[in-house]
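So the structure is just underneath, and the comments pick up after that.
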Amino acid sequence: MKRVCLLSIISFLCISFLQAQPLRETSYETMLLIAEEQYGLKDYYRALEWYEKAYDESSDQELLPFIAEMHYKLRDYNRAESWYSRILRRDKKNKWGELRFEYARSLKMNGKYEDAVIEFQQFIAETEDAVKKELAQAELTGIEMAQSNRNVEPDVALVNAGNKINTRTSEYAATLNRTGELMYFVGFDTDEIIEVDENSDEYHAKIMVSKRGDKGWEKASPLGNEVNRPDVNSSGVALSKDGKTMYFTRAVLMGNSVSDSRLYFSVGGDGNWAGAEEVVGINGDFLIKHPAMGELFGNEVLFFVSDMGGGEGQLDLFYATHRGEGVFGEPVNLGAKINTVGNEITPFYKDGTLYFSSDGHPGYGGYDIFYTTWDGVKWSEPRNMGPGYNTLVDDKYFMLDEDGYSGLLLSNREGGRSVKSKTCCDDIYYFDIDKIEANLVVGVFDENRKPLIGGTVQLIETTTYNTNSQTQEQGNRFDYGLGLELPYKIVATRDGYFPDSTTISTIGLTETKTYEHRFYLRQIPVEKPPVVVETEEPEFDTITIEEAIVLENILYDFNKSDIKPEAEPDLNFILELLNQYPEMKIEMRSHTDYRGEDPYNERLSQRRAESARNWLVNKGVSADRIQARGYGEKVPQTISSRMSAAKDLFEVGDVLSPGFIDSLPDEEMRELAHDFNRRTEFKIIEGPTSIVIKRARLQKTDDPNTVINKEGEKIKISPLSALRGKEIYEGVPILVFDDRTINFGSVKKGEKREHTFRVTNKGDETAKIALVSVCECTTVEKDWDEIKPGETVELKIIFDSSEKDEAEIIDIDIFLDNEIPDSEDPFIEKLRYRFDITK
């Protein structure tokens, strides 16, 4: 006669067969033979019983590792620790050194972290097992994490589902239906270790269902034979998102071991499940466990656990794309970021987040619950769910209900129901999570901090680029509700003002929060028409001794001191003066703005002054007639009448000190002040007390918004570019469009118009496009996200006039991920089109 011992924490669904043996006058050899047979059959409960009998009979020390191992596999960690300790204390020759890993894990799961650290460290130093060494290192990291969080209060309270659900043996794979009124799970529905003879037929694991009543969960009952076939073990239950398809596994016993574990599905929904069918595309010559439905790349997928080849460890997480009607694509391993050399099990997916349990990632106990988020391309680094969800022992089968604020998990933590030791068996626990809400309030103001009416704010979820755009014609406040675990970009625009943007993220948010942000938009300067002055500008200037005269054409590349070709007219002018007045001696003076470190600015300005002096010396001027001095930022410019006349933003006598510049009301004035400070000048220090020169010789010859790139090409910077007014020629992309503004002319309401912009990057840095922002009336088509130096690409726009009733000017904002050196302004390139509407 055969008998079966079922202890639902062991093996696959914990089933193995046992040949009955007479207990009277059993010899040591027979006891050992029975123990070895049960060990081979993975019936660890019976194997432990017979190993202990054999040890009591013989005191054979060789049996101790088997006894310790059986306690460890049966998750009786107190007894496992005791037996492993006994073995290793007596092991003077280190015969059983490899057992130190299980001993250290037992110490850890008994909460003896300090002792566990010592044992893990010794194991790492001695072992040649690369896999276990890697696992031991992860265990040390987990202990360090646990100790650092020792005083952290759990942010969740778990409640045992009660005796009507949990038995003294283990339960598995608990999940809720869409309404949360039904709980499906797997169990044996018994409080005792099952003794089965060959006439028994009701010992298989079944999928159970319980209804939530007024007083909690009601007594569970098994699903019908359509799902629970009488001769196999059902496990791993999971539901589709609509609740109408159930996925689960069936394990077949051939002889004394699990020969097959395959995935099945049943359709119909609660109370109406049809006969199960085997899924197509996943099953093979390997174990399939723990199915869970989810979504990747916009497709419905099935996550599952398998020991199939090509994985990272023992049990890995995989996914397969659902093709429909129980058919799935090729299984794909989730990769080394998620899968370890250990085991990853019990996946659950919700709203872009994958939850799973692992004994290979750093954790508090045995199996810990982790989560990772999907950004549309890749998974984030897994994060431990922390205390409360995770304990010293095993925590698995995490799941959340439809709303995401209640859920279930299974654990063998102390306090549960157990047929053997305190931690032998898994119970179902439920929990509620405080509802977390995230909101956003945006205010739009002008640079004088006055409310700016008529602005538009775009909220862009940057994993999918879904955009929520609001325009306020009567106010300046914008309110949004935010999703959790998501990154966002916020863009504020308003006609006549430079746009601005910022980013926020709700990833990792642990409590309700209202994000607030105020935009202070800077007005786009309006080009003033030329002013006609009746009196003529003086043709000549008189320069007196000790008066510093700025040479406006002596400019330098950023961070360099080389003389540029454009500087030669001014230097030739100085050369002519020195030749005209042989007794004259001058000082060549170079200054920087106050941005940057003082010593560096002084060295840079000295090099620049010496470059100008060397140019003149090379032209035949005696070196003792020219002094070169670099002042760095020490001598701020004082506004002269000549400067004030040229730029009416400053008063005569203003000293452009750091304090004065910082107090200026806008960035335009501050940047102009920096321009005045960043100068090269000459001063007569000996010779004639005054000289008369043509004013035209001291005027700047080039357009200040024309730059020369690395290739020596002159480039006009458009007023619609963020580089306008910046002295930056290197380290940035310079985007040159064939045209930036177009006029569609008269457009009949409902018509569409198209235009293709051509753009070339004439800078020395790749342009990285973060976002193209435009109104809903415009579609943008492009097949590029970056523009390399020298590359030309096309950007096509399609204007749909269906919702337009009058003439309008539309801006297209191209946001770059690049930064503008020495500037906090966003890097935005703007295009513009206009139209008239006819009906």
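Across the range 367-522, Cα-Cα distances exceeding 25 Å account for 49% of all pairs.
When the charge dipole of the chain is built from unit charges on Cβ atoms (+1 for Lys and Arg, -1 for Asp and Glu) and taken about the Cα centre, the candidate among GLY275, VAL332, VAL526 whose Cα reaches farthest toward its positive end is VAL332. Expressed as a whole number of Å, what is the distance separating the alpha-carbon centroids of the range 588-613 and the range 454-471? Their Cα centres are 45 Å away from one another. Against the main long axis of the alpha-carbon atoms of the chain, helix 598-618 sits at an angle near 40°.
In degrees, nearest 10, range 0 to 90: what is the angle between the Cα axis of helix 113-126 and the longest Cα principal axis of the chain? So the inclination is approximately 90 degrees.
Once backbone amide H atoms are built at 1.01 Å from N, LEU296 has VAL301 as its partners under 5 Å, excluding neighbours fewer than 5 places away on the same chain. Taken along the Cα-to-beta-carbon direction at a fixed 7 Å, the label points for TRP379 and LYS422 span 3.4 nm. Here's the list of lysines a cross-link from LYS619 could span, going by alpha-carbon distance under 25 Å and ignoring same-chain residues fewer than 8 apart: LYS560, LYS564, LYS585, LYS683, LYS694, LYS700.
Dipole magnitude for the range 349-462: about 240 debye, using +1 per Lys or Arg Cβ and -1 per Asp or Glu Cβ, origin at the Cα centre.
Our estimate of slack between SER622 and THR127, defined as 0.36 nm per intervening residue step minus the Cα-Cα distance, is 170.3 nm. In this label model, GLU278 and GLU765 are separated by 6.0 nm, measuring between points 7 Å along each Cα→Cβ vector. Placing pseudo-labels 7 Å out from each Cα toward the beta carbon at ASP479 and ASP351 gives an inter-label distance of 2.0 nm. Across the range 572-631, the relative contact order, built from alpha-carbon pairs under 8 Å that are at least six residues apart, equals 47 percent.
Of the residues SER380, ALA130, MET183, the one whose Cα sits farthest toward the positive end of the charge dipole of the chain, with +1 on the Cβ of Lys and Arg and -1 on the Cβ of Asp and Glu, is ALA130.
The count of lysine pairs in the range 750-826 with alpha-carbon distances below 23 Å, taking only pairs 8 or more places apart or on different chains, stands at 12.
Farthest toward the positive end of the dipole of the chain, out of TYR430, PRO821, ILE717, is the Cα of TYR430, where the dipole comes from beta carbon charges about the Cα centre. Under the convention that each Lys and Arg Cβ holds +1 and each Asp and Glu Cβ holds -1, the size of the dipole of the range 329-406 around its Cα centre is about 240 debye.
Report the charge-dipole magnitude of the chain in Debye, nearest 20, computed about the Cα centre from +1 at each Lys and Arg Cβ and -1 at each Asp and Glu Cβ. Mind showing how you got there, number by number?
On the way: 100 positive and 150 negative charges, 92 e Å.
Result for the chain is approximately 440 debye, rounded to the nearest 20.
Put simply, the amide H of ILE769, placed in the peptide plane, has neighbours under 5 Å in GLU786, ILE787, ASP817, leaving out anything fewer than 5 places away on its chain. Note on Cα extents along the principal axes in Å: of the candidates (1) 130, 79, 43; (2) 119, 63, 53; (3) 83, 67, 55, the value calculated from this structure sits at (1).
If R0 is taken as 60 Å, the Cβ-Cβ distance between LYS92 and GLU808 corresponds to a FRET efficiency of 0.10.
Do the alpha carbons of any pairs in LYS378/LYS830; LYS244/LYS289; LYS164/LYS215 sit beyond 23 Å of each other, and which pairs?
Values: LYS378/LYS830 32 Å; LYS244/LYS289 20 Å; LYS164/LYS215 11 Å.
Long pairs (Cα-Cα over 23 Å): LYS378/LYS830.
Helix 64-73 axis versus longest C-alpha principal axis of the chain: approximately 60°, rounded to the nearest ten.
So how do 46-52, 368-374, 779-785, 682-688 stack up, highest first, on mean other-Cβ count within 10 Å? Working shown, then result.
Values: 46-52: 23.0, 368-374: 21.4, 779-785: 12.1, 682-688: 17.1.
In decreasing order of mean packing, 46-52, 368-374, 779-785, 682-688 become 46-52, 368-374, 682-688, 779-785.
Protein heavy-atom accessible surface, 1.4 Å probe, per residue over the chain: 48 Å².
Legend: distances between Cα atoms for LYS450/LYS513; LYS133/LYS241; LYS92/LYS396; pairs beyond 29 Å are LYS133/LYS241; LYS92/LYS396.
A cut-off of 5 Å between modelled amide H atoms, ignoring neighbours fewer than 5 places along the same chain, links ILE433 with SER406. Taking the 1.4 Å solvent-accessible surface of the chain as the whole, the part contributed by carbon and sulfur is 45%. Whole-Hz ³J(HN,Hα) for each residue in the range 290-298, computed from phi via Karplus 6.51 cos²θ - 1.76 cosθ + 1.60 with θ = phi - 60°, x for glycine and proline: what do you get? These are the phi-based 3J(HN,Hα) values: 6, x, 7, 7, x, 8, 9, 6, x Hz. Within straight-line reach of LYS726, meaning a Cα separation under 13 Å, sit the following aspartates and glutamates at least 8 residues removed in sequence or on another chain: ASP557, GLU667, GLU668, GLU671, ASP675, ASP703, GLU819, ASP822, GLU824, ASP825.
The values are calculated or read from the model by the stated rules, or taken from the named source; none is laboratory data. All values derive from a computational prediction rather than experimental measurement. Neighbour counts are summed over all protein chains in view; Cβ atoms, including those assigned to glycine, are modelled from backbone coordinates with ideal geometry. In case anyone asks, the SASA skips ligands and DNA or RNA and just uses the protein heavy atoms, side chains included. Shrake-Rupley method; radii C 1.70, N 1.55, O 1.52, S 1.80 Å.
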